[in-house]
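Contents: one structure, followed by commentary.
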Amino acid sequence: GTRRAASPSPSPPPARARAPLASRCLKVPLALSRPARRCSAKRNWAAISRASASSSSSSSAKDAASTKGEGGSDLDAGYNQEMQEKMGGSLTYEHERGMNYTRILPQLIVGSCLQTGEDAAWLREKEKVRGVLCLQQDSDMEYFSLDLNPVLRGCERVGITHVRCRVNDFDPHDLRLKLPSGVAALDKAMRECEDGECVYVHCTAGLGRAPGVSIAYMYWVLGMPLMEAHRVLTSQRPCHPKLDAIRHATCDLIFGGGTNRVKVGMKAPVSAKEVLVAGLDMGWDNPAQCKRDGDRFVLERSLPAGRFQYKYIVDGKWTYCADSPVTTDDGGNSNNFVDVVAMGDPVADYVIRSRLMAQEADLSDAERSLIVEKIRSQ
């Protein structure tokens, strides 16, 4: 999945004019004071939800994250193809149109990456942004030839605190692992805001990682049920947050983030020259090579608790092993899977994990207090 720019033409077309700054945002009137900072915030989320619904903009978030993606560069096309293949949906991102964002809550804005020092000045002057949380990797910036230094200087010049928490793009497992540190950074930035100030959370397009961290923050810290937090955000900014990454990260925080050594393997044809495993914690694009163990090809990995799907690639052909547990994913593909159980009482682990992994997941007051304590101790 390495992104590569198309070869430049001998006579490149003139650069497209950037959209006027005033057209980049979705203006949502503020209807609430700052969310309370207490970890037991169940009384707050209902009011936040009502205010978010009543203050939603008449402009659609699709103005910022287009569903059709007309025009745009070859870089945009390559990025959008990879995003749609790995994340699903039909939303697209046009980097050349500049920064776009949506105010989700009075104190929280989710959007695409800052590209210039001017963007920082705009956010401070027009939106009263106090902190910026950047979730991009260096490779994300290199793909679009984005220089972070002018952005950092712009933030410093106007008094914005810029913090980075690097998360791999299109990688739900890496998001799962980085969510606690991302939410910890967002929570700290929120608590540093004065009245009327807010925090801007962004990845590259503002359609995956940034919504994921923001939803996890609303779930863990503000006290919203998971699907309510999802509704509040996606009803204002159509996007593709990976909720299973949040569910798994929640379990990691409750049970501890330890790993277990897991071995998977299959009996391949005698003539097989190479057997790879894709999936597990590696993703579908980064298969690992199996080792021959007698008449079997095996792979060992250290995995956190949870269910992991995987598939074999035997001499270039994708397949699954009928002798191991099989499931069907959302796309109708048959995959093997392995359930990794956390250390401790397996019965208690199963009961609590099943509740936290459910569609309508929610936390008890004790669980939420534990999570907030852990992220604030980082």
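Only the coordinates and a few stated rules stand behind these numbers; no lab work does. Since we're looking at a predicted model, the values are computed, not measured. A quick note on method: Cβ atoms are made from the backbone with ideal geometry, for glycine too, and the neighbour counts reach across all protein chains shown.
Do any of LYS242/LYS311; LYS86/LYS311; LYS178/LYS374 go past 18 Å between their Cα atoms, and which?
Pairs exceeding the cut-off: LYS242/LYS311.
For the stretch 177-245, go through all pairs of different Cα atoms, get the mean of 1/r, take its inverse, and jot down that Kirkwood value in Å.
One over the average 1/r among Cα pairs gives 12.3 Å for the stretch 177-245.
Could you check the spin-label model distance between THR116 and GLU96? Points 7 Å from the Cα along Cα→Cβ, value in nm.
Taking the two extended label points, one gets 1.6 nm.
Please compute the modelled spin-label separation between ASP330 and ARG164, points set 7 Å along Cα→Cβ, answer in nm with one decimal.
It is 3.0 nm.
Would you pull out the residues with amide H under 5 Å of VAL340's amide H, same chain only if 5 or more places away, H placed 1.01 Å from N?
GLY306, ARG307, PHE308
³J(HN,Hα) across the stretch 249-256 via Karplus (A = 6.51, B = -1.76, C = 1.60, θ = phi - 60°), whole Hz, x for Gly/Pro?
5, 4, 5, 4, 5, 6, 9, x
Quick check: residue separation of LYS273 and VAL347 times 0.36 nm, minus the Cα distance between them. What number comes out in nm?
Working it through step by step, the gained length comes to 22.5 nm.
Would you kindly derive the ³J(HN,Hα) couplings of the stretch 170-186 from the backbone phi angles with the Karplus curve 6.51 cos²θ - 1.76 cosθ + 1.60 (θ = phi - 60°), listing them in order in whole Hz, with x for Gly and Pro?
Per-residue couplings from phi come out as 6, 9, x, 5, 5, 4, 4, 5, 8, 4, x, 5, x, 5, 4, 5, 5 Hz.
Which translational diffusion coefficient, to the nearest whole µm²/s, is obtained for the stretch 259-341 from the Stokes-Einstein equation, given a Kirkwood hydrodynamic radius over C-alpha pairs, 37 °C and 0.692 mPa s?
It comes out at roughly 255 µm²/s.
In whole Hz and in residue order, list the ³J(HN,Hα) couplings for the stretch 297-305 that follow from phi through the Karplus curve 6.51 cos²θ - 1.76 cosθ + 1.60, θ = phi - 60°; x for Gly and Pro.
With coefficients 6.51, -1.76 and 1.60, one gets 10, 10, 9, 10, 9, 9, 10, x, 5 Hz.
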